[in-house]
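Here's the structure we're looking at; comments come further down.
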Amino acid sequence: MPDPVLRLQGLQKHFGSMAVTDDVTLDVMPGETHAIIGPNGAGKTTLINQLSGLIAPDAGRILFDGADITNLPPQARALHGLARSFQITSILPGFPVVENVALAVQARAGSSLRFFGRAADEAALNRPALAALEQTGIADRAHVRAGELSHGEKRALEFAIALAMEPKLLLLDEPMAGIGREETERLVELLGRLKKRFTVILVEHDMAAVFALADRISVLIGGRILMTGAPEAVRADPQVIAAYLGEQVE
Amino acid sequence: MPGATLAATSETRLRHPARDLVVPGLIFAALALLPLAAALSAEQYLIDLAGRVMIFAVAAVALDLLVGYCGLISFGHAAFIGIGAYAAGILSAQGIGDALVALPAAVIASMLFAWGTGIICLRTRGAYFIMITLAFGQMVYFIATSLALYGGDNGLTIAARDTIAGFALLKSDRAFYYVTLGCLLATYLFSRALVASRFGRVLRGGRENATRMATIGFDVQRFRLIAYVISGGLGGLSGFLLANSTEFVSPAYMSWQRSGELIVMVILGGVGTLDGAIIGSAAYLLSEEWLSGMIENWKVVFGPLLVLVVLFARGGLIGLSSQLWRRFGHA
């Protein structure tokens, strides 16, 4: 059996006296799409924020690709190959779409202490950026200001930014949140293509999307992992139905 | 076809193609020709005034790198002018009155100060950054007032302008004027290249969304610190010029009011444009000169004018001019 890409060991996070991440232990295997589901306030975004380094856990370890990244800042984790999208889209709205992605290419290229030469014109950065936009289907919008994109297009841009980082693990925090029905279908189809090439952690409320995409599902309730298993097993589990899925299925 | 789309990229970046070439072209042509025109009338007065504008424009452009491109409002930028000026003044008092030593000393001293304080200041954001840069600025101010050996409160008179490799090339006011112009031009072109470069793009990205920049792998604070050091060094250059221009160094060069004036210059001209910093320092110093000639309490008039510019001319004088350009020239 291959080593897991990501391994969480006894992760703990308290906000005041409330445990938002309560002894979370989890392995994510290479190539799998691992969904994390749970009701609002279950601590999903807090967990993702600990993975990408935006908040520090109180206890426990995060092992990524064989290295302990528990104490690394977000930028170091990104360079290690950990890319994320945000529940509330996080892009550079004033920049052209292509430059949003070209910056991710530039971060990987590593030589950002260049004080001369117009970065916007560098083909070596723009070509991979355009390729990533091509893959997420918004290459025709490359030269629009990113702030002018539709909701769904901004998501696609976030994915393109993540792709340009050539990540070992993609963290997607509620990619379908606040997106219309039609665009959701397109994004599910897009993620269906991307998941073949990447290891993905998918936090999502849209159960149709989760069951269409996930290889395994962990159910998070009150900061604790209630169960982890294949989609069919999770769907059939009485505890999960009682705690979360019951309200969703109707 | 990648070639065609890449060309389009640079088009979208050039939001104001006319402004990007015409405005700086006009500014520098006017500054270059001014001494010739001035020869016909009040030469000394105009050269002094324009020289002063250019010296502060160097510092204002440096400040705009931080305010306009990093989103960092430094309220202590006069400290760098002061450090540059005192470096030149103290060296001259010690008998080292050559620009080949004094200029690098002024710039490096300012950069070192920027590095040391920047590490601390950049741990804070927003209002706290403003306060802590102000505090460091005041610290240098009080150190200067207590330098009894170098004039203390009263300042320090410099015997003569710096020589260049032993030659008194800066003695003539007109030569010094053109050296100042050259320094401003170099500062401007360097800054223009900087903000468009890979480095500058990281700064601009960090201003828009620092979290996003971190999650794609940039240590934004490190880039900001480098920008702070560069900006400080340019402030030191401005101070070196100021000391040589007035042949006098005073703690007043780094009072907090002076730092405030630099911010006003940047905002008045238009934040994040570089051209605006030059236009803003000209507008501020010329208003000061002429309004104070006409009205004793000129700031009573200038204050409301500034409020009007901030309220109605978004993007400062530069923004105002491009609004007018669109409305009347290219409707």
For the range B:150-161, check the following and say yes or no: at least one residue is surrounded by 14 or more Cβ atoms within 10 Å (Cβ to Cβ) and in contact with a Cys (Cβ under 6 Å, 6 or more places away or on another chain). no
Under 6 Å between Cβ atoms, at least 6 apart or on separate chains: pull out the pairs that start in the range B:112-134 with a residue that is part of a helix (DSSP H, G or I) and end on any residue that is not hydrophobic (A, V, I, L, M, F, W, C). B:A114/B:Y228; B:A114/B:G232; B:G118/B:Y228; B:C121/B:T133; B:I132/B:T124; B:T133/B:S74; B:T133/B:G76; B:L134/B:G76
Please work out if A:L47 is buried (at least 19 other Cβ atoms within 10 Å of the Cβ), more than 14 Å from every other protein chain (Cβ to nearest Cβ) and not polar (S, T, N, Q). yes
When A:A142 is evaluated against the numbered criteria (1) in contact with a Leu (Cβ under 9 Å, 6 or more places away or on another chain); (2) surrounded by fewer than 23 Cβ atoms within 10 Å (Cβ to Cβ); (3) free of Cβ contacts under 8 Å to residues at least 60 places away in the same chain, which criterion, by number, is the only one it fails? (2)
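Quick one: would you say A:L125 is surrounded by 23 or more Cβ atoms within 10 Å (Cβ to Cβ), under 29 Å from A:P30 (Cβ atoms) and free of Cβ contacts under 8 Å to residues at least 40 places away in the same chain?
Here the answer is yes, as A:L125 does meet what is asked.
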When you scan the range B:166-235 for helices (runs of 4 or more DSSP H) that lie fully inside it, which ones turn up with 3 or more residues that are away from every other protein chain (no Cβ under 13 Å)? B:173-196
Quick one: what pairs do we get from the range B:26-43, first residue over 19 Å from B:G182 (Cα atoms), second in a helix (DSSP H, G or I), C-beta under 7 Å, 6+ apart or different chains? none
What do you reckon, is A:A35 within 13 Å of the chain's Cα centre (by Cα), more than 14 Å from chain B (Cβ to nearest Cβ) and either crowded, with 20+ Cβ neighbours inside 10 Å or more than 21 Å from B:G206 (Cβ to Cβ) (or both)? yes
Would you be able to say whether some residue in the range B:150-164 is touching a residue at least 24 places away in the same chain (Cβ under 8 Å) and either within 14 Å of chain A (Cβ to nearest Cβ) or basic (K, R) (or both)? yes
Taking the range A:86-133 and keeping only residues that are more than 9 Å from chain B (Cβ to nearest Cβ) and in contact with a Leu (Cβ under 7 Å, 6 or more places away or on another chain), one is left with A:V97, A:V101, A:V105, A:A132
Return a yes/no flag: does the range B:243-251 have any residue that is buried (at least 18 other Cβ atoms within 10 Å of the Cβ) and modelled with pLDDT under 90. no
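So how many residues does the range B:296-318 have that are in contact (Cβ under 8 Å) with a residue 40 or more places away in the chain and assigned to a helix (DSSP H, G or I)?
Of the residues in the range B:296-318, 6 are in contact (Cβ under 8 Å) with a residue 40 or more places away in the chain and assigned to a helix (DSSP H, G or I).
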Pairs under 6 Å by beta carbon, first residue charged (D, E, K, R) in the range B:246-274, partner buried (at least 20 other Cβ atoms within 10 Å of the Cβ), six or more apart or different chains? B:E247/B:I158; B:R258/B:A78
With the condition kept exactly as written, say whether any residue in the range A:161-178 is crowded, with 20+ Cβ neighbours inside 10 Å, more than 10 Å from chain B (Cβ to nearest Cβ) and touching a Pro at 6+ places or on another chain (Cβ under 7 Å). no
Could you list, in sequence order, all residues of the range B:239-269 that are aliphatic (A, V, I, L, M) and not in a strand (DSSP E or B)? B:L241, B:L242, B:A243, B:A252, B:M254, B:L262, B:I263, B:V264, B:M265, B:V266, B:I267, B:L268
Just give me the residues in the range B:216-242 being within 27 Å of A:A109 (Cβ to Cβ), buried (at least 24 other Cβ atoms within 10 Å of the Cβ) and of a type in the set (A, V, I, L, M, F, W, C), in sequence order. B:I216, B:F218, B:A227
Is one or more of the residues making up the range A:50-58 within 7 Å of another protein chain (Cβ to nearest Cβ), closer than 15 Å to B:D219 by Cα and polar (S, T, N, Q)? yes
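Every residue, every condition in (1) within 16 Å of the chain's Cα centre (by Cα); (2) more than 25 Å from A:A131 (Cα to Cα), yes or no:
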| site | (1), (2) |
| --- | --- |
| A:A162 | yes, no |
| A:E174 | yes, no |
| A:K196 | yes, no |
| A:T199 | yes, no |
| A:M207 | no, yes |
| A:R216 | yes, yes |
| A:L220 | no, yes |
| A:L226 | no, yes |
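Which of the residues spanning the range A:59-79 are in contact with a Pro (Cβ under 9 Å, 6 or more places away or on another chain) and either at the interface with chain B (Cβ under 9 Å from one of its Cβ atoms) or charged (D, E, K, R) (or both)?
Passing the criteria: only A:A78.
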Show the residue pairs that are 6+ apart or on different chains and have beta-carbon atoms under 7 Å apart, the first residue being within the range B:181-201 and crowded, with 21+ Cβ neighbours inside 10 Å, the second being part of a helix (DSSP H, G or I) and of a type in the set (V, I, T). B:L184/B:V58; B:T187/B:V58; B:T187/B:V61; B:S191/B:V61
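The values are calculated or read from the model by the stated rules, or taken from the named source; none is laboratory data. Only a predicted model underlies this, so the values are computations on that prediction, with no experimental measurement involved. Neighbour counts are summed over all protein chains in view; Cβ atoms, including those assigned to glycine, are modelled from backbone coordinates with ideal geometry.
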